[in-house]
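Quick notes on the structure that follows.
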Amino acid sequence: MLASLSRFSRTDKPFSLSDRAYLLIRSQILKGELSPGTSLSRRKLAKELQMSLLPVAEALQRLEGEGLVESRPRVGTRVCLPTAQDIREQYQVREALESQAARLFAEKATAEEKREIAQMAERMDEMFSRCSALGTSQIPSDFLYEVHDYHVQLHLRIAECTGCRALCQTIERNHILVFNWLYDVAAHRPSLPPRFHRDLIAALSKGDPEDADRAMRQHVRYGLENVLRGIAGTDSGSRQEAG
């Protein structure tokens, strides 16, 4: 799945074995193949990936630094299992950063950039519509990965159009869009209103910072309670398996 990675995984240097392990394990997490709370055995992963323990250990350490993996006493290493507070806080951070991006987009985006983002939003809605038509249990994991990867690209492109590099870098470094991806997949929440992204971009493109701010906040908050319920179900299942 290396050909369909978001810029969160892009690098100018050649891939090492630890890079490859990182990308493959990360892909399994974001596809939902390794769900929150899943134990991660270095030996098992090394065998599956056909490599030694060292690059796998380095990959897991990198994923832990990004918050996708956690290591705890008597629990070991596992895919991060967020609490309701963790999820709410990530949504609050995302709302703060992306609402500022929306305000700046409304003020600074060119007509060409607005057309580009509108086209991306149309494609995004079409992809989510296809997910809804297939039904949660029928969506191929590769396609779901592609959908969420494109979602990351869309929201990062909005931030890029603000011309504020510090804001773009903060959104990337905090991995807020990747956490949103993880929570959506774990909660099995692919369905969205038919014009969810097109309506957002229409509001941002009117040029009113206040309207853009309000639209982005509503966009980010949409479905939060459903995500919390979905993650709670995953949490209960993981605890039962551990017991």
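The table for this structure:
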read-out: All positions within segment 105-119 that are of a type in the set (A, V, I, L, M) and either buried (at least 19 other Cβ atoms within 10 Å of the Cβ) or on the phi > 0 side of the Ramachandran plot (or both); value: Ala106, Ala109, Ile117
read-out: One residue from Glu70, Glu146, Glu116 being over 15 Å from the mean Cα position of the chain (by Cα) and either among the β-branched types (Val, Ile, Thr) or not assigned by TED's automatic domain parsing to the domain that holds Leu40 (or both); value: Glu116
read-out: Options Leu228, Leu156, Leu200, Leu182: the member that is touching a His at 6+ places or on another chain (Cβ under 6 Å), assigned to a helix (DSSP H, G or I) and surrounded by 16 or more Cβ atoms within 10 Å (Cβ to Cβ); value: Leu200
read-out: Residues of segment 29-58 satisfying the condition of being touching a strand residue (DSSP E or B) at 6+ places or on another chain (Cβ under 9 Å) and in a helix (DSSP H, G or I); value: Ile29, Arg42
read-out: Test: residue in segment 162-178 that is part of a helix (DSSP H, G or I), free of Cβ contacts under 8 Å to residues at least 40 places away in the same chain, small (Gly, Ala, Ser) and over 20 Å from Arg94 (Cβ atoms); value: no
read-out: Residues of segment 121-160 satisfying the condition of being small (Gly, Ala, Ser) and farther than 17 Å from Asn180 by Cα; value: Ala121, Ser129, Ser132, Ala133, Gly135, Ser137
read-out: Pick from segment 70-90, criterion in contact (Cβ under 8 Å) with a residue 40 or more places away in the chain, outside any loop (DSSP other than H, G, I, E, B) and in contact with a strand residue (DSSP E or B) (Cβ under 8 Å, 6 or more places away or on another chain), ranking: farthest from Arg42 (Cα to Cα); value: Val79
read-out: Qualifying residues in segment 21-73 (those that are of a type in the set (Ser, Thr, Tyr) and under 19 Å from Trp181 (Cβ atoms)) - the one modelled with the lowest pLDDT; value: Ser35
read-out: For Val93: the one exception among (1) outside any loop (DSSP other than H, G, I, E, B); (2) surrounded by fewer than 18 Cβ atoms within 10 Å (Cβ to Cβ); (3) free of Cβ contacts under 8 Å to residues at least 60 places away in the same chain; value: (3)
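The values are calculated or read from the model by the stated rules, or taken from the named source; none is laboratory data. Source: prediction; values computed, not measured. Note that we place each Cβ from the backbone using ideal geometry, even for glycine, and neighbour counts take in every protein chain shown.
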